[in-house]
């Protein structure tokens, strides 16, 4: 793979953004009593049981204003 001139110009900024994102995530995880990866895994398992769309549709069926 060969990067274009434009891509080469932004590589450093992309790497900096990635480092900042990882650092922000680490800081956030330090403030909560469980890792975000555990939360994500829990959400994935729950959505395997029932999709988010289905969950919303069920709640709309219960709401008289939706009729």
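Details
- Helix-only CD estimate at 222 nm, as mean residue ellipticity for the chain, using -39500 (n - 2.57) per DSSP H run (n ≥ 4): -26000 deg cm²/dmol
- Rounded tilt (10° steps) of 52-62 against the dominant C-alpha axis of the chain: 30
- Angle between the chain longest axis and helix 5-31 axis [Cα atoms, degrees, rounded to 10]: 50
- Listed candidates (1) 1.20; (2) 1.88; (3) 1.28 - label of the one calculated as Cα Rg over 2.2 N^0.38 Å: (2)
- Rounded tilt (10° steps) of 36-49 against the dominant C-alpha axis of the chain: 40
No lab work stands behind these numbers, since they all come straight from the coordinates. Keep in mind that what you see is a predicted model, and the values were worked out from it rather than measured.
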